[in-house]
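First the structure, in the form of structure tokens, and then the observations on it.
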Amino acid sequence: MAVTATSAQSLLTAVRIKRVAIWGPPAADLVPVTTSIEYSVGTGAANIGNRPRVFSDTSVGSTRVAAVSISPDPQSAASMWQLRQTTATTNGAVFILNGPANSIVDVDMDVVIQNGETASAAAVTVGATVGVIYADALDNGGLLVPLSWPVLP
């Protein structure tokens, strides 16, 4: 939520991934495209206890798009509550997505709204409207931005 025109703070305390889905559009020349989801086993606290698993699908022609929709394994780190960090940190990815340009990604998750916890470090914005709730990109590169929610300016 924007607290000033130049800063915003998270309203969330924790999130839990329930399901991730990705749909890859067919290529214009109908060459097959592939989408995949991997619940990560890299380095960092978010990856303890996971086993490597990649789920993928490949398109066929113009009527069968590449689509994957999968929940994390029960009791895996990806299915557990992930606490919001109060400072910048790198815990590793919870899941890794692969797909062609213009893929659609849907993340189904449970969230816990902040209830007196220490406020997160303020995000820097430019021209935000005070009181408006903004979303941020799913990835650090800003490629996966929400389509139905205001994005941090």
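The values are calculated or read from the model by the stated rules, or taken from the named source; none is laboratory data. Nothing here was measured: the structure is a model prediction, and the numbers come from that model. Cβ placement follows ideal geometry from the backbone for every residue including glycine, while neighbour counts extend to all protein chains displayed.
Remarks
- Some residue of segment 94-104 being of a type in the set (Ser, Thr, Tyr), at pLDDT 75 or above and either surrounded by fewer than 17 Cβ atoms within 10 Å (Cβ to Cβ) or in a loop (DSSP other than H, G, I, E, B) (or both): yes
- Residue 78 vs. criteria at pLDDT below 85, touching a helix residue (DSSP H, G or I) at 6+ places or on another chain (Cβ under 9 Å), surrounded by 12 or more Cβ atoms within 10 Å (Cβ to Cβ) and more than 21 Å from residue 142 (Cα to Cα): yes
- Residue 67 outside any loop (DSSP other than H, G, I, E, B), farther than 16 Å from residue 12 by Cβ and among the small types (Gly, Ala, Ser): yes
- The set of residues in segment 105-153 that are free of Cβ contacts under 8 Å to residues at least 24 places away in the same chain, among the hydrophobic types (A, V, I, L, M, F, W, C) and assigned to a loop (DSSP other than H, G, I, E, B) comprises 137, 143, 145, 147, 149.
- Residue count, segment 106-118 (criterion: surrounded by 11 or more Cβ atoms within 10 Å (Cβ to Cβ) and either in contact with a Pro (Cβ under 7 Å, 6 or more places away or on another chain) or at pLDDT below 85 (or both)): 2
- Flag if residue 136 is farther than 23 Å from residue 9 by Cα, surrounded by 15 or more Cβ atoms within 10 Å (Cβ to Cβ) and out of contact with any Gly (no Cβ under 6 Å at 6 or more places or on another chain): no
- Within segment 10-32, residues that are under 20 Å from residue 118 (Cα atoms) and touching a residue at least 40 places away in the same chain (Cβ under 8 Å) have Cβ atoms under 7 Å from residues that are acidic (Asp, Glu) and buried (at least 18 other Cβ atoms within 10 Å of the Cβ) in no pair, counting only partners at least 6 apart in sequence or on another chain.
- Residue that is surrounded by the most Cβ atoms within 10 Å (Cβ to Cβ), among those in segment 14-56 that are of a type in the set (S, T, N, Q) and at pLDDT 85 or above: 35
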